[in-house]
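Data first, discussion second: the structure below is written as structure tokens.
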Amino acid sequence: MNGLWFEGLLQTLLKADADSKSSSVLQCCEEIVDLLVQKMIAVEQEVVCDGVNSTAGRKLQACSETLYVFAKCVPKFLVRHASHLLPYLSEKGTTSVDSTVVHFTALTLELVIPLIEAPSGTFLAGLEEALLQIMMSRGPSLVASSTKCLDAVVNRVTKNYQLVEQYYRQLLDFVQKCREECTVSAKKSDVCRSLYVLGLLCKHFDPVNMPSFKKNSQKIRDRVYRLLMQFTEEADGAVQLKALSGLGFLCRRYPELMAENEAQSLYSRILKCQDLPKLQCQVMDNLHEYFEEQVGKGVDAGFEISGQGKGSGKCQKEEKVKAIDWGDSDSG
């Protein structure tokens with residue numbers, strides 16, 4: 001199914017329904033959501049009885065993707081089904097179909113959880129645990145969608161920052177120990193995951209404003225920055241790539257870090273090299289996301305401008321940007 005096409009169609013129908021002061025489309029949406037959830041449960045029961053098969057997997061994939069579209073358009077209709085969706089986060093299959101089900105389930109719950117009134121503590125604890133398990137064991141796309149869902153759960157519902165802080169410290173201690181003991185190569189997969197997750201945590205959770213980090217908030221931020229910078233110097237390209245990805249997330253959270261000479265020099269050096277295409281693409285992705293977000297916020301990209309008029313501040317910011325040598329001989 002073309003999700004974007006279906007979403008556009010659904011939005012059009014809902015708008016027409018609202019304009020006509022009718023509720024027929026809303027009623028249909030609610031019925032379809034109920035039927036989709038019932039279908040997922042029925043397919044699961046078939047799997048228990050007859051074993052896993054590709055047809056069942058494709059049905060679950062189609063249902064989960066369609067439910068996500070409804071969650072984007074009319075999330076209230078999935079509120080009562082949240083507990084039924086939770087088990088699909090624990091899907092242990094390794095096929096692309098299995099991963100797709102987990103991915104769309106996480107994205108759906110991200111939109112639905114904040115709408116639940118007085119959710120069960122047991123349900124929320126199970127959800128947090130399932131999301132952390134995905135972040136610690138699955139691929140990048142599932143890690144990203146699960147972190148987004150954890151963002152909605154913790155920041156908007158449970159306020160369980162202790163859980164996030166504990167995971168922050170666990171990841172920081174692990175990667176630092178690997179570097180100090182020179183075991184990065186031996187634990188490459190875990191190191192890459194930890195660097196990527198660290199970046200995502202910085203994107204979704206601000207360590208500077210977390211309760212138990214308050215006393216050492218600046219140190220925590222600087223520790224993450226320092227470690228990511230250090231791992232960009234590793235010989236292994238995959239480790240460098242994940243460290244760069246994490247650095248991009250961190251700089252979006254704290255724009256002032258982009259004004260640091262160390263970060264500017266790193267980006268400049270990579271862009272000048274002719275044999276680092278993957279790292280160059282990551283740097284360009286980082287810069288694109290960084291500037292797009294700062295422009296969208298209408299802020300000054302974190303550059304220190306104090307006691308200056310608007311015109312002077314703008315000039316100073318432009319000079320800061322120009323100060324980065326992008327390695328482009330035509331840029332002047």
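Below are the figures for this structure:
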read-out	value
Sparsely packed GluC sites (Glu not before Pro) within the stretch 241-292, loop by DSSP, other Cβ within 10 Å at most 15	E260
Given charges at beta-carbon only (K, R positive; D, E negative), |dipole| of the chain in Debye	620
Cα-based equivalent ellipsoid, the chain: semi-axes from gyration tensor eigenvalues, Å	39, 25, 20
Efficiency of FRET from Cβ geometry, T183 and S90, R₀ 25 Å, rounded to 0.05	0.25
Cα gyration tensor, the stretch 84-206 - rounded (a/c under 1.5), prolate or oblate	oblate
At most 10 other Cβ within 10 Å, DSSP loop - GluC sites (Glu not before Pro), the stretch 68-153	E117
Potential extension, D236-C281 segment - 0.36 nm per residue separation minus Cα distance	14.5 nm
Computed [θ] at 222 nm, helices only, for the chain once each DSSP H run of length n ≥ 4 contributes -39500 (n - 2.57)	-23000 deg cm²/dmol
Projected label distance in nm at R156 and V79, using a 7 Å step from Cα toward the beta-carbon	1.3
Restraint check, K188/K272; K72/K148; K203/K297; K148/K278; K148/K203, Cα-Cα greater than 21 Å	K188/K272; K148/K278
Full-stretch length increase - D222, A125 - with 0.36 nm per residue and alpha-carbon distance subtracted	31.9 nm
Label-to-label distance, nm, for residues given as V208 and D190 (7 Å Cα→Cβ offset)	3.2
Gain in span if fully extended, E44 to K15, counting 0.36 nm per residue against the direct Cα distance	7.0 nm
Protein-only accessible surface order, largest first, of T232, T94, T158 at 1.4 Å	T94, T158, T232
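The values are calculated or read from the model by the stated rules, or taken from the named source; none is laboratory data. Remember, it's a predicted structure, so these values are computed and weren't measured experimentally. Cβ: placed from backbone, ideal geometry, glycine included. Neighbour counts: every protein chain shown. Protein only, heavy atoms only, side chains kept; ligands, DNA and RNA dropped before computing areas. Shrake-Rupley method; radii C 1.70, N 1.55, O 1.52, S 1.80 Å.
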